[in-house]
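Shown next, in structure tokens, is the structure this report addresses.
The values are calculated or read from the model by the stated rules, or taken from the named source; none is laboratory data. Quick caveat: nothing in here was measured; it's all calculated off a predicted structure. All Cβ positions, glycine included, derive from the backbone under ideal geometry; neighbour counts span all protein chains shown. The accessibility values were calculated without ligands, DNA or RNA, using every heavy atom of the protein model including side chains. Shrake-Rupley method; radii C 1.70, N 1.55, O 1.52, S 1.80 Å.
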Amino acid sequence: MVTQAWYAVLVGLVAAERLAELVIAQRNLAWSLARGGWEAGSAHYPFMVGLHTALLVGCVTEVWVADRAFPGVLGWTMLALVVASQALRWWCIRVLGHQWNTRIVRVPGLPPVTAGPYRVVAHPNYVAVVVEGFALPLVHGAWLTAAIFTALNTPLLTVRIRAEDEALRSARA
């Protein structure tokens, strides 16, 4: 019971981090639109928001309803991965600056960012999403939530990455 309460606090902190992301995204969206930016691939955005919200709700719900126990070493390992995924996400936000967004927004004339983690991986923020999507539930044994989120997030990320790559290509043209 005590570990379940601490886990709920952890999920609450991740939810607060998500809200901070949305504030930054709105600010960056306004910045981008003021410079002639345009949004691409917006049709999948509501599904993405819903899926990420369901992840957070599912984590806590599964742990409490199914009375999942803290899985010891696996839980601590997954917690380290959650922290690492948050660090990677905030590195992406810092490197992209005003160009970072939860939406796909391109500003004419701005070249794609190739610094920081973008030197190594084309979409490092999505690496953070994938890792967090299985690690956060598994911190406290919510394996069903991890499996369902991963199964639904895989096709979503496929659509999103295609839309983002297309936006990047069209911005270069």
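Overview of values
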| quantity | calculated |
| --- | --- |
| Residues of region 144-159 satisfying the condition of being in contact (Cβ under 8 Å) with a residue 40 or more places away in the chain and either among the hydrophobic types (A, V, I, L, M, F, W, C) or open to solvent by 10 Å² or more (accessible area, probe 1.4 Å) (or both) | Leu144, Thr145, Ile148, Phe149, Leu152, Leu156, Val159 |
| Options Ala66, Ala25, Ala16; residue that is exposed (fewer than 12 other Cβ atoms within 10 Å of the Cβ) and either under 20 Å from Arg89 (Cα atoms) or modelled with pLDDT of 95 or more (or both) | Ala16 |
| Residue check, Ala43 open to solvent by 40 Å² or more (accessible area, probe 1.4 Å), in contact with a helix residue (DSSP H, G or I) (Cβ under 9 Å, 6 or more places away or on another chain), within 17 Å of Val127 (Cα to Cα) and assigned to a helix (DSSP H, G or I) | no |
| Boolean, Leu33 is closer than 26 Å to Pro108 by Cα and not basic (Lys, Arg) | yes |
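Results for (1) at pLDDT 95 or above; (2) more than 21 Å from the chain's Cα centre (by Cα); (3) assigned to a loop (DSSP other than H, G, I, E, B); (4) more than 22 Å from Leu22 (Cβ to Cβ), shown as yes or no for each residue.
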residue	(1), (2), (3), (4)
Leu74	yes, yes, no, yes
Thr77	yes, no, no, yes
Leu88	yes, no, no, no
Trp91	yes, no, no, no
Leu96	yes, no, no, no
Asn101	yes, no, yes, no
